[in-house]
Amino acid sequence: MRVLNGIERAGNKLPHPFWLFIILSVLLMGLSWALSAANVSAVNPADKKTVVVQNLLSAEGVELMLGKAIENFAAFPALGTVLVVMLGVAVADRAGLLAAVLRRGISRVPAKWVTFALAFTGMISHAAADSAYIVLIPLGGLAFYAIGRNPIIGVIVAYVSVAAGFDASPVITPTDVILGGITTGAAHTIDPSVTVTPLANYFFSLGSSVVLSIVITVVTETLLTKRAKSMPIDDDAEIGDLGDLNLSDLERRGLRRSGIALIVIAALVALAIVPSNSPLRDENGDLALGPLLGAVALLIGIAFAVVGIVYGRTVGTIKKSSDVPDFMAHGMKEMAPVIVLFFAISQFLAYFKWTNIGTIVAVKGADLLKAAGINGPVVFLGILLIVTIINLLITSGSAQWALVGPVFVPMLMLLDIPAETTQAVYRIADSCTNALSPMSPFFVLVLGFVQRYRKSAGIGTLMALVLPLCLVMLVTWTLFFLAWWALGIPLGPGVPVR
């Protein structure tokens, strides 16, 4: 607890991620001036050209910072793709589809399967981004109470599933879009032809969601249920409305129709890519090099929008055509904090790339690792350790990846490790300690839900319940990745792991 208190104090002293990247940009100006004056350089093995540090305080640097600020923002890879996806997600969310899917996932499940069902529903809920915390965590408590179990454990299972498993899901999520865009920008330091799509880690993410759900179930049933016996709920606990778990006939009909709509969309896409001369393929008939992968974000957004409209029209949450753009506009309002953060991140990344500091650090770092004979697994474990510690202080996954990705991605590319593989490693470190960090705004939220059932519960109570799950998830997920890497299983469609 003293360590965690120290982390909390240190994290509280960190500025908002927006100001953090503004400060880093200012520091980068001074660093680029000093390294440029020292004639620091390296030979890029990608093209055998000598790369020197460029001074941001030079005339060319000032032009980049002032004259191209708008271009830097507009060209940020994650910006357009995440906004397009969120247009569709907003329709599905506001129509009530995402909440209905989460409720359906944990309702009408046999008592012996409720822990796994809740955990796996948490993995699916990542498609709803931060909304998953608001919807699933209270439902987790209700689900456990409904079958006669301690609702505090239900709250913890839901919380850990959403937070510590945040980068694993059986469906494509907005996080996949954001990470792919940042990874693409980082990879362009070495190879401008690399494009990391939202599907880049899909196979690994799907497998991880099943493995983590099993881990959460095993730890809960073997350890947490024993601890629950020593923390009974208060007699006057705020139980809530058990009816919230149950879907109406109209909602079930809406889910069936939206499911059919999703199948139709998938079938149409499949039929469109079957012909060898399909416009979704390149001139040689190669699907991987055609426009399809570049359109993945658009297709995901359309799919969310269509199934959301079908559901909304069925249950009555969408009554007129103007409701759809209104829902989209509401979704954009919720994206405002992310857009503001993206502005600061996009400027920093543009500066960092232009100075060539990232390239030089990557080349020097790769040379050092090669000279030391350090192989893939050791490098992976090093990255996992560094990012896991950082994640306790910087809980924003996009901000953290924007900070470390431009160094780790090119460095590992020079060691013949694909950018998608580095991103997969990052997913593990960015997720497991989320539920432990007092810096997360949802940490206090969950504590509030726990205190609804037991007023005497405090931070120590929450930590004691969450810590075993987070540690076992971190170890198991790491071993799962190393096994995946050793077997050479593709991370996603057409994406080799090594």
task: Any lysines with Cα under 24 Å of the LYS229 Cα? List them, leaving off those in the same chain fewer than 8 positions away.
output: LYS112, LYS455
- request: Taking 7 Å along the Cα-to-C-beta vector as the label spot, tell me the SER322-LEU206 distance in nanometres, rounded to one decimal.
  value: 4.2
task: For an R0 of 35 angstrom, estimate the FRET efficiency from the Cβ-Cβ distance between SER193 and VAL269 and round to the nearest 0.05.
output: 0.90
message: Charges at C-beta only: +1 for Lys and Arg, -1 for Asp and Glu. How large is the resulting dipole of the range 82-217 about its Cα centre, in Debye rounded to 20?
response: 640
- prompt: Taking the Cα centre of the chain as origin and charging only Cβ (+1 Lys, Arg; -1 Asp, Glu), how large is the dipole, in debye to the nearest 20?
  reply: 940
- prompt: Ranked highest first by the average count of other Cβ atoms within 10 Å around their residues, in what order do 422-430, 476-484 fall?
  reply: 422-430, 476-484
- prompt: Residue by residue, what Karplus-based ³J(HN,Hα) values in Hz, rounded to whole numbers, does the range 24-31 have, using 6.51, -1.76 and 1.60 with θ = phi - 60° and x for Gly and Pro?
  reply: 4, 5, 5, 4, 5, 4, x, 5
- prompt: What's the FRET efficiency of SER58 with ARG253 using the Cβ-Cβ distance as r and R₀ = 60 Å, to the nearest 0.05?
  reply: 0.40
- prompt: For Cα extents along the principal axes in Å, which listed value, (1) 142, 76, 36; (2) 71, 60, 45; (3) 95, 51, 49, comes from the coordinates shown?
  reply: (2)
- request: For every helix of n ≥ 4 consecutive DSSP H residues, a contribution of -39,500 (n - 2.57) applies; sum these over the chain, divide by its total residues, and give [θ] at 222 nm rounded to the nearest 500 deg cm²/dmol.
  value: -21500 deg cm²/dmol
message: So, R0 is 41 Å and r is the distance between the beta-carbons of LEU482 and GLU221; what FRET efficiency does that work out to, to 0.05?
response: 0.95
- prompt: Each label point is 7 Å from the Cα along the Cα-to-Cβ direction; what then is the distance between the points at LEU262 and LYS49, in nm?
  reply: 4.6
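Rule-based calculations on the coordinates, nothing more; no lab input. Since this is a predicted model, take the numbers as computed values, not measurements. Counting neighbours? That spans all protein chains shown, and the Cβs are built from the backbone with ideal geometry, glycine included.
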